[in-house]
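Visitor: Below is a structure I'd like to ask you about.
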Amino acid sequence: MLKNVVLTAETQKERLTVDFPGQDKRAIFEPGRIVIETANGTLIEARDNPEKSFEGQQRETPWDDIHVTYFVGEALWTYLNTPFLYAREGFTTEEIPSIQVEGETWRRLKVTFPDSVKSHTREQISCFGPDGLLRRHDYTVDILGGATGLNYASDYRNVEGIMVPTKQRVYAYEGDYQLVKEPLLVAIDMGEITLAAAQSA
């Protein structure tokens, strides 16, 4: 479902749009409502309070398009707005002990999200390399029963002065953030990236 899509993440509100080129379809994530519509805005389907539809999910439980859109929305909106997101009102941050990874010292920032923002979980950790760039994002996923995630960010590109990781790979972890190399859970590869000024409402 998510190959060759166009993602638009807003910065002032929690909203992410997924366009499907050639399919006359787009999906819109907002925390309280998922909408799937045609390119001209004709409603295909929608679900209010979409997070509730994950209750009782098991590993083998099938997902519909709205489940996928909600997961992608809460994940990618967070990823694409990190670390700028952490300066918003309601977020609290605390530097915790650094770790050594592959010969580098990674400084770690524990971030507590406000209830008003839907993300994987309320408490997440961002690990930054000596150059100040995000190396890894550590979390659990509430809607997946607390499944663990180590999200490695790499292949940075300078986009109008902002360094953006164009490659992200997510693996599970055990214990004290010990990487589980198999299987690869999520792979994100970004093509063209553009920044646009916020439009007035």
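The values are calculated or read from the model by the stated rules, or taken from the named source; none is laboratory data. What you see is a predicted model; the values in this text were computed from it and never measured. Virtual Cβ from ideal backbone geometry, glycine too; neighbours counted across all protein chains shown.
Visitor: Of (1) touching a residue at least 40 places away in the same chain (Cβ under 8 Å); (2) under 30 Å from GLN58 (Cα atoms), LEU134 satisfies all except one. Which?
Guide: Only one criterion is unmet by LEU134, namely (2).
Visitor: Please note which strands (runs of 3 or more DSSP E) are completely contained in segment 11-63 and include at least 3 residues that are surrounded by 17 or more Cβ atoms within 10 Å (Cβ to Cβ) and touching a residue at least 40 places away in the same chain (Cβ under 8 Å). It would help to see each step written out before you state the result.
Guide: On the way: elements: 16-20, 25-30, 33-37, 43-48.
It comes to 25-30.
Visitor: If you don't mind, there's one more thing I want to ask. All but one of (1) in contact with a Ser or Thr (Cβ under 7 Å, 6 or more places away or on another chain); (2) more than 26 Å from ARG88 (Cβ to Cβ); (3) among the hydrophobic types (A, V, I, L, M, F, W, C) hold for ALA27; state the number of the condition that does not hold.
Guide: Here ALA27 meets the rest and fails (2).
Visitor: From the residues in segment 148-179 that are surrounded by fewer than 15 Cβ atoms within 10 Å (Cβ to Cβ) and in contact (Cβ under 8 Å) with a residue 24 or more places away in the chain, which one is farthest from CYS127 (Cα to Cα)?
Guide: Checking each candidate, the answer is GLU160.
Residues are listed down the side, and each one gets a yes or a no for (1) more than 14 Å from the chain's Cα centre (by Cα); (2) surrounded by 13 or more Cβ atoms within 10 Å (Cβ to Cβ); (3) under 19 Å from TYR152 (Cα atoms):
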residue: LEU76; (1), (2), (3): no, yes, yes
residue: TYR79; (1), (2), (3): no, yes, yes
residue: THR82; (1), (2), (3): no, yes, yes
residue: ARG88; (1), (2), (3): yes, yes, no
residue: GLN100; (1), (2), (3): yes, no, yes
residue: VAL111; (1), (2), (3): yes, yes, yes
residue: SER116; (1), (2), (3): yes, no, no
residue: GLN124; (1), (2), (3): no, yes, yes
residue: GLY129; (1), (2), (3): yes, yes, yes
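Visitor: Next up: Right, ALA39: more than 23 Å from HIS137 (Cβ to Cβ) and not assigned by TED's automatic domain parsing to the domain that holds PRO130 or not?
Guide: yes
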